[in-house]
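The values are calculated or read from the model by the stated rules, or taken from the named source; none is laboratory data. The structure displayed is predicted, hence computed values, not measured ones. Here Cβ is always computed from backbone atoms with ideal geometry, including for glycine, and neighbour counts include all displayed protein chains.
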Amino acid sequence: MRLMDNGLTSAIAANRFGLGARPGELAAIGGSGLDWLRAQLDGPAPEIGGDGLQSSASLLTQIYDLRRTIQAERMRAAAARSVDERQAAAGSAAAIGAFKKLPQLIRPVYLAEAGARFRHSVSTDRPFIERLAQFWSNHFAVSVDKGVLAALAGSYEREAIRPYVLGNFSDMLIATQRHPAMLLYLDNEMSMGPDSRAARNIERRNPGRRPGINENLARETLELHTVSVDGGYTQADVTALSKVLTGWSIAGPEAWRFGQRPGTFLFRAAMHQPGPQVVMGKRYPDTGYDQGVAVLRNLAAHPSTARFIATKLARHFIADAPPAPAVDRVAAAFSRSKGDLPTVYRALIGSPEAWEQPVSKFKTPSDFIVSSFRGLALPIRPEKAPVWLFQLLGQRIWCPGSPAGWPDGSADWDGASELLKRIEWADAVGQRIGPRRDARQLAPRLLGSVLSATAREAIAHAESAAQAVTLLLAAPEFLRR
Amino acid sequence: MKRREFLTAGALAAGGTLLSGLTFAGVANGNKPRLVFIILRGALDGLEAVPPCGDPAYAALRGELEIARPGTNGGALALDGIFGLHPALSFMHQTYAARELIIFHAVAGPYRNRSHFDGQNVLETGYAQPHAAQTGWLNRALAALPAARAPEKTRGVSIAPTAPLVMRGPAAVTSWSPSHLAPLDDDTLQRISDLYSHDPVLGRKLAEALAAEAIAEQSAARSRDAMAGGAGAHFAAGAFGSMMDTSGRMTMAPDARMGQRADRRPPLAQRGRPGAQYAQVVRAAARFIRQADGPQVAVFDTTGWDTHFNEGNEKGQLAARLAALDAALGGLKAGLGPVWSDTAVLLATEFGRTVAENGTRGTDHGTATAAYLLGGAVKGGRVVADWPGLSPRQLYQDRDLRPTLDLRAVMKGVLAEHLGVPARALESAVFPESGAARPLKGLVRT
């Protein structure tokens with residue numbers, strides 16, 4: 001493949017496929033941006049560790065314990081004989097303390113997880129892999145504005161996304177669909193077959209109740225995670241897959257009794273809808289948990305899934321209107337390799353279209369923030385991400401607010417108010433750090449040959465070092481990638 | 001040069017003539033019609049918000065989600081013989097009694113396939129199929145308005161960092177959202193404007209942002225004047241005033257500003273509550289469209305209506321969100337003051353939910369639902385519904401409320417009667433392929 005001049009490929013590699021250059025990175029990339037990206041695909045995916053990061057199971061166990069305390073206090077209040085005693089019990093220090101403990105448990109976990117992810121994004125020397133990890137995290141999105149997800153979003157990403165980023169798509173699909181965070185986010189943990197043993201028992205005991213399926217996870221599995229909305233499924237397929245996934249649940253606090261760790265995935269056979277199901281024309285005999293795995297593996301291998309993933313990758317990395325040849329190439333690689341993700345990525349970066357039209361996409365707020373921190377080596381407070389900044393610029397970490405994840409078009413991010421906030425923040429950064437940075441010297445080191453003469457001159461003629469930094473961060477070629 | 005003068009000059013230099021219609025004269029109420037469009041993302045359950053208590057099939061299908069008949073304990077607020085209003089919607093009920101609220105029931109747009117994201121796309125583009133356009137019906141409607149006063153005037157505002165799709169398009173609009181960052185000094189702003197002068201997108205966006213700032217600052221200044229004079233203090237007392245007040249913005253040294261901000265936010269758990277979010281947004285919307293020379297249309301969205309699990313009935317999850325929405329609408333009326341009488345507020349969601357309760361005390365994605373039009377300009381006090389009924393053979397695909405009214409007929413009616421969008425534009429540019437959905441008549445007071 002013949003590429004444009006070398007300076008341009010390093011700038012495109014660092015900015016379009018990475019998280020923005022750090023000083024010296026373009027020089028290190030040297031002649032071939034493509035080789036730099038390919039090399040990042042070697043070896044296992046980086047792990048995000050760090051002191052104090054906890055597993056989902058451990059966090060759910062703590063949440064169970066807290067809920068039990070709250071429940072016990074409520075029961076004590078209800079059992080108290082007089083109104084006065086009830087009020088006293090409800091208002092007891094123990095009851096109030098237990099209620100307050102839930103946010104006290106969740107918030108530090110969220111901050112620690114967001115902080116670890118942010119620090120990794122800023123410091124990694126495999127930024128392409130980090131972009132991919134965040135792409136998949138957004139593809140299989142959960143959102144921290146629901147229930148206890150703020151405690152689980154980080155561990156979910158570390159447990160169900162990152163280990164598979166350089167693996168196989170179908171493994172990641174299964175890992176995400178069975179993760180407690182996803183089961184809670186899309187309401188599957190209580191979904192039960194209307195003819196299951198558990199449903200029959202409940203009906204016998206409570207004649208009014210009609211336990212049954214919840215379609216939420218199954219619909220989004222089809223629409224958002226695999227074949228996509230035009231992938232050829234019907235409402236009947238949604239209902240059938242809902243039944244297939246009944247019993248995909250989470251081990252409760254008592255699970256120790258039968259040797260299972262609380263807060264981990266549990267297939268509850270008693271809740272599973274008995275009998276075969278037909279999903280998208282294929283019949284699946286009732287093999288319990290394996291019925292769901294079989295459907296997911298087939299959905300992962302479906303041509304509609306290959307095309308959907310290829311389109312999303314090309315839109316994310318190349319252009320809002322993804323070039324058809326690139327989509328075809330990536331989809332073919334996906335199908336041919338049976339979802340081997342490094343093969344898919346090689347097809348993506350090997351597409352000539354990916355190296356044309358520099359700065360075609362407006363950065364997301366997250367990419368803008370991270371690239372600013374990387375480029376200017378802005379100081380980071382230990383163990384803390386500037387979560388306020390992500391929120392202010394419109395992309396609170398792990399909070400897309402919908403299972404579709406954050407939108408991925410320039411028009412979704414380049415709003416007037418958004419732009420002005422970025423400029424205002426760039427101004428604050430300039431005032432804080434400007435005197436200790438030389439933007440004239442930094443601009444070509446961060447943007448390489450995509451730096452325009454207009455921006456270079458504007459920076460050179462700034463009235464102060466602070467203003468020069470502001471102009472660098474606010475430059476059109478820094479806002480885009 | 002004063003900031004305000006600079007803003008005008010700078011924006012003109014950077015983005016052309018977006019501000020040419022913007023004057024800084026005092027409020028001269030021209031009785032211009034105002035429209036607020038509120039997107040309810042997530043498929044709001046119309047059978048819960050506006051329960052058809054008088055339908056004989058309703059109670060049995062709804063199970064634990066049933067809202068009791070009006071007059072019973074925790075029951076619906078009475079509307080007419082069939083319908084009630086969720087007990088959390090007390091402000092809306094007052095508006096209904098004041099004949100300022102129309103509810104449209106068994107309503108749906110042209111989309112039928114139960115995907116939130118395609119459904120919302122159709123709700124916003126105004127096209128018959130998903131992903132048929134990159135612009136929204138409301139923006140195209142603004143672009144089709146007769147250019148009587150000022151052709152390039154900023155006609156609409158989104159209370160959001162980036163405009164939702166419904167507001168994107170050719171007409172001059174802007175977006176605004178609260179910022180606690182310090183404003184730029186004029187020299188830096190001028191240099192950035194120059195830097196963007198050859199960039200068609202960023203140049204326009206910056207000009208739009210400065211236009212919104214100018215309107216907001218003007219509004220804040222008026223509120224301060226009003227407060228000083230004792231009149232209008234009611235409207236000025238809100239957080240919006242302080243947010244928009246440049247003198248009230250943080251002016252600490254940059255180091256201190258950046259370090260302390262994380263501690264100024266409300267705690268995470270609190271921010272999840274819908275009420276606090278809405279209150280700030282409606283105050284902003286009211287501030288913008290109250291201006292005689294400001295935008296006449298405001299848009300914002302609300303989320304959290306996707307109630308698959310533990311939906312609740314007169315109490316519970318959905319009830320809490322409805323109460324917050326209801327309070328926000330009350331706040332909007334208060335914020336608009338006398339301009340309420342020139343205002344219509346339209347609320348719509350992408351589709352409805354299953355008629356029957358699902359297996360986890362919630363509802364799954366459905367088809368028809370309710371839409372809401374309220375305001376001083378609305379000829380209300382009625383439920384508009386060709387009620388299909390909830391008996392099994394009347395349900396759509398054996399599970400959903402059957403649509404009997406096209407949502408676009410409501411939207412077209414509002415745009416034609418209230419804003420004066422020409423009929424030809426409605427049929428071609430604004431809602432293509434919507435000929436069968438005749439615009440409803442008699443929605444607003446004339």
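Key figures
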| quantity | calculated |
| --- | --- |
| Failed criterion for A:V359 (all others in (1) in a helix (DSSP H, G or I); (2) under 21 Å from A:Q134 (Cα atoms); (3) among the hydrophobic types (A, V, I, L, M, F, W, C) hold) | (1) |
| Number of the exception - A:G263 against (1) on the phi < 0 side of the Ramachandran plot; (2) surrounded by 22 or more Cβ atoms within 10 Å (Cβ to Cβ); (3) of a type outside the set (S, T, Y); (4) at pLDDT 95 or above | (1) |
| Any hit, region B:119-136, residues being under 18 Å from the mean Cα position of the chain (by Cα) and either of a type in the set (A, V, I, L, M) or facing chain A (nearest Cβ under 8 Å) (or both) | yes |
| Neighbours by Cβ (under 7 Å, 6+ apart or cross-chain): first from region A:372-390, at positive phi; second surrounded by fewer than 20 Cβ atoms within 10 Å (Cβ to Cβ) and in a loop (DSSP other than H, G, I, E, B) | A:A377/A:P23 |
| Those residues of region A:190-199 which are surrounded by 15 or more Cβ atoms within 10 Å (Cβ to Cβ) and either more than 9 Å from every other protein chain (Cβ to nearest Cβ) or in a helix (DSSP H, G or I) (or both), in sequence order | A:S196, A:R197, A:A198, A:A199 |
| Residues being out of contact with any Lys or Arg (no Cβ under 8 Å at 6 or more places or on another chain) and more than 7 Å from chain A (Cβ to nearest Cβ) - total across region B:161-193 | 9 |
| Meets criteria (modelled with pLDDT under 95 and of a type in the set (S, T, N, Q)) for A:S55 | no |
| Residue in region A:116-152 that is nearest to A:V387 (Cα to Cα), counting only those that are within 13 Å of another protein chain (Cβ to nearest Cβ) and among the small types (G, A, S) | A:A150 |
| Scope region A:204-217; condition at the interface with chain B (Cβ under 10 Å from one of its Cβ atoms) and not in a loop (DSSP other than H, G, I, E, B); matching residues | A:N216, A:L217 |
| Helices (runs of 4 or more DSSP H) contained in region A:413-463 and holding at least 1 residues within 12 Å of chain B (Cβ to nearest Cβ) | A:416-433, A:453-460 |
| Residue in region B:350-368 that is within 14 Å of chain A (Cβ to nearest Cβ) and closer than 30 Å to B:R290 by Cα present | yes |
| Subset of region B:306-320 (residues that are of a type outside the set (S, T, Y), within 16 Å of A:Y185 (Cβ to Cβ) and surrounded by 20 or more Cβ atoms within 10 Å (Cβ to Cβ)) | B:D306, B:H308, B:F309 |
| Those residues of region A:128-143 which are under 19 Å from A:E47 (Cβ atoms) and in a helix (DSSP H, G or I), in sequence order | A:F128, A:I129, A:E130, A:R131, A:L132, A:A133, A:Q134, A:F135, A:W136, A:S137 |
| Residues that are surrounded by fewer than 17 Cβ atoms within 10 Å (Cβ to Cβ) and of a type outside the set (D, E), drawn from region A:321-334 | A:A321, A:A324, A:P325, A:A332 |
| Looking only at region A:41-52, and only at residues there that are of a type in the set (G, A, S) and surrounded by 14 or more Cβ atoms within 10 Å (Cβ to Cβ), the one that is modelled with the highest pLDDT | A:A45 |
| Residues satisfying the stated conditions in region A:206-234, i.e. over 25 Å from the mean Cα position of the chain (by Cα) and surrounded by fewer than 18 Cβ atoms within 10 Å (Cβ to Cβ) | A:N206, A:P207, A:G208, A:R209, A:R210, A:G232, A:T234 |
| Only one of B:R445, B:R393, B:R382, B:R353 that is among the basic types (K, R) and either crowded, with 21+ Cβ neighbours inside 10 Å or more than 28 Å from B:P52 (Cα to Cα) (or both) | B:R353 |
| Selection within region A:141-189 - on the phi > 0 side of the Ramachandran plot and outside the structural domain of A:R117 (by TED's automatic domain parsing) | A:D187 |
